[in-house]
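Student: One structure is given below, represented as C-alpha cells, and several questions about it will come after.
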Amino acid sequence: MKKQTLCALLLFSVLAVCAYPEGGRIGLSQADFTSAPIIITVPGNYVLTENVSVSTFFTGGIWVQADDVTIDLNGFTLEGPSDSSGADYGIRQDSQFRGLTVKNGFIKGWQGAGIYAGGEGNRFDEVTLCANAAGLNSGPGAQIARCVAVENETSADGYGILATAGANVSSCISMRNWAGGSMSGIWVGDGSVVSDCVVARIYGVSSCQGIYAGQGSVVSRCSVGEAGSSTNAVGISAGMGSTVSESAVITCSSSGAVYGIYSAGAGMISHCAADYQDSTVTNGAGIRAGESTYVLESVACGNDVQGMWLGNGCRSSKCLTRFNEPVGVQMGGQDARMQDCLNAVNLDVNVQVWSLGNLIARNHAISVQFGTNYEVIAGNRFEPEETSGVFTNAWANFSR
C-alpha cells in the first residue's frame, strides 16, 4: 500500500540541550538540528520556532532524558527522512523518565514511530502523526487528547495510537494506517478509558483491531469503520470486565473471522450498533459477548455473520438483530438469558439456541427469510411461542 502525502516534506539535524531555560521557553530552530538527535537532559519548556527536518538516516529528532519536559511544536512540523531504510523516532523518551508533554503540531516521516515515549504520566494534545512507520506510543497513565494518526505504514506490526495501562484517550482520530503484521487503530492497556474517538480505513495483514481496550476499561461514544485484515478483524475489542457504550462499528471485513464488538467477558455492551461486518468464510458476529456479559439495547444489522453471539451466563435485553446471515442471535453458551428482544428478517434462523439451561422469554421473532424463527434444543426454558398475537402468558415469545 502506498502512503498518501497529507503533509509536506522537509529536512533534518541535532543538538544536545543542557542549559536551564531563562525567562520561560527555549526555542528550537532548524539551525539547532545539525547533528541529530537533540538530547534534552534538563526539565523545561521547549518550543519549535519553525518547520525543521532531519535528512540523516538511522537517527532521531528529539531524545528526552529528563522528567517534566514540555515540547510545544507551535504549529510547525518535525520531519524525518521518510526512508524505509530506518530512521529513529521523531520524539523519544526513555522509560525511566516521566511527565513529558508534546502538543500543537505535526510529526512525520519517521520509520521508528512519530512519538515513542516509554515513561509514565505523559500528555499529548493536538498532535498529528502522519506518514511514519507508526503513530504514537506511550507508557502508563498517558493522557492523549485531540491527536490524529493518519497514513502511517509499516511492514511489521503497527498502530495509530498506543498506550499501556491507565491511559485516557479522548477525541482522537486514527485512519488510513496500514501494517504488514497486526494493526491497531487505538490500543490501550488495562484500566483505561477511550472516548469520543474515530477509527477508519485501517488494515493489518495478519490481524486488525479498530480499538482494543484491556481489562477493566471503558470505551464510549466511539466509532470504527472499515477495519480490515486477511486473517481476522475486530472493530472494538474489550478485555474482561470492560464496558463498551454508545459506540458504533460498521463494515469491518476479513477473509477469516470478523467481529464488530467483542467482549472477553464479565463486562457490558450497551446502546451500541454493529452493522455490515463481512467475512468471506461467514465466521464471527456483529456482537460477541463472552461469559457473563450484559448486552443492553444494542443493534446488529446486515452482518454477513451472526448478528449476536451470547456465551455462558450472558444476558441480552431490548436488543435488535435484522438482516444478518445466517443467524440473528445464537446462544452458544449455557445459563444465559434473552428477553424483550426483536429478531427479524435474518437469513436462516432468527433465534438459535444450541446449549443448555438458557432462558428465552418475551422476544419477537419475525419474518425469517428461509428457515425458522426459533431453533431451540431441549433442556432450555423456552417460554410458549405465540403466533396469534393474543398472549395468554406474559412471558411468551411471539413468532410471525
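Student: Bin width 10 Å, alpha-carbon pairs only: give the P(r) of the range 34-116 as whole percents, running from 0 to the bin holding the largest distance.
Tutor: In order of increasing distance, the bins hold 20, 54, 25, 1 percent.
Student: Is the shape of the range 280-323 best called rounded, prolate or oblate, per the rule: a/c under 1.5 gives rounded, else a/b larger than b/c gives prolate, else oblate, with a ≥ b ≥ c the square roots of the Cα gyration tensor eigenvalues?
Tutor: Details: a/c = 3.57, a/b = 1.38, b/c = 2.58.
Judged from the Cα gyration tensor, the range 280-323 comes out oblate (a/c at least 1.5, b/c at or above a/b).
Student: Something else about it: Rounded, prolate or oblate, given the Cα gyration tensor of the range 160-214, with a/c below 1.5 counting as rounded?
Tutor: Oblate is the answer for the range 160-214, as a/c is 1.5 or above yet b/c matches or exceeds a/b.
Student: Below 8 Å, C-alpha to C-alpha, sequence gap of six or more: please give me the relative contact order for the chain in percent.
Tutor: Working: 1552 pairs, mean separation 24.6, N = 400.
Relative contact order here is 6 percent.
Student: Calculate, for ARG146 and SER367, the FRET efficiency according to 1/(1 + (r/R0)^6) with r their C-beta to C-beta distance and R0 56 Å; round to the nearest 0.05. List each step's numbers first, then the result.
Tutor: On the way: r = 45 Å, r/R0 = 0.81.
About 0.80, to the nearest 0.05.
Student: Here is a follow-up. Regarding the range 199-251, what's the average projected area of the Cα-atom convex hull, expressed in nm²? Kindly include the intermediate steps, with their values, before the conclusion.
Tutor: On the way: hull surface 13.2 nm².
Quarter of the Cα hull surface area: 3.3 nm².
Student: What are the residues whose amide H is under 5 Å from the amide H of TYR159, where those residues sit 5 or more places off or on another chain and H is modelled from the backbone?
Tutor: Long-range HN contacts for TYR159: GLY135, SER184.
Student: On the Cα set of the range 148-252, report Rg and Dmax in Å, please.
Tutor: Final numbers for Rg and Dmax: 12.0, 34 Å.
Student: Oh, and also: Could you give the length gained on full extension between ASP348 and ASP68, defined as 0.36 nm per residue of separation minus the Cα-Cα distance, in nm? Present the calculation step by step, with values, prior to reporting the outcome.
Tutor: On the way: separation 280, 0.36 × 280 = 100.80 nm, distance 5.99 nm.
Separation in residues times 0.36 nm, less the Cα-Cα distance, equals 94.8 nm.
Student: Another one. Order of 54-62, 183-191 by packing, highest average Cβ count within 10 Å first? Can you show the working numbers first?
Tutor: Numbers: 54-62: 22.0, 183-191: 26.7.
The packing order, highest mean first, is 183-191, 54-62.
Student: Based only on other Cβ atoms within 10 Å, what is the fewest-to-most ordering of ARG381, ARG176? The partial results should precede the final answer.
Tutor: Details: ARG381 12, ARG176 20.
Going from least to most buried by this count: ARG381, ARG176.
Student: Taking θ = phi - 60°, what integer Hz values does the Karplus form 6.51 cos²θ - 1.76 cosθ + 1.60 yield along the range 152-166, in sequence order, with x for Gly and Pro?
Tutor: After applying 6.51 cos²θ - 1.76 cosθ + 1.60, I find 8, 8, 8, 7, 9, 6, x, 7, x, 10, 9, 8, 7, 4, x Hz.
Student: Mind checking the full-extension length gain between GLU386 and SER35? Use 0.36 nm per residue of separation minus the Cα-Cα distance, one decimal, nm. Let's see the in-between values first.
Tutor: Values: separation 351, 0.36 × 351 = 126.36 nm, distance 7.90 nm.
Stretched fully, the GLU386-SER35 segment lengthens by 118.5 nm.
Student: For ASP340 and SER206, what does the FRET efficiency come to when R0 = 56 Å and r is the distance between their Cβ atoms, rounded to the nearest 0.05? Working shown, then result.
Tutor: On the way: r = 40 Å, r/R0 = 0.71.
Calculated value: 0.90.
Student: Continuing with this model, one more query. With θ set to phi - 60° and the Karplus curve 6.51 cos²θ - 1.76 cosθ + 1.60, what are the ³J(HN,Hα) couplings of the range 280-289 in order, to the nearest whole Hz, using x for Gly and Pro?
Tutor: Here the 3J(HN,Hα) series is 5, 10, 6, 10, x, 7, x, 10, 10, 9 Hz.
Student: Under a plain spin-label model, where a point goes 7 Å from the Cα along Cα-to-Cβ, how far apart in nm are SER155 and ASP94?
Tutor: Here the modelled spin labels are 3.1 nm apart.
Student: Send over the semi-axes of the chain's equivalent ellipsoid, whole angstrom and largest first, taken as the square roots of 5 times the C-alpha gyration tensor eigenvalues.
Tutor: Values: eigenvalues 495, 75, 39 Å².
In descending order the semi-axes read 50, 19, 14 Å.
Each value in this text was obtained by applying a stated rule to the coordinates, not by laboratory testing. Just so we're clear, the structure is a prediction, and the values are computed from it rather than from any experiment. Glycine also receives a Cβ, built like all others from the backbone with ideal geometry; neighbour counts cover every protein chain displayed.
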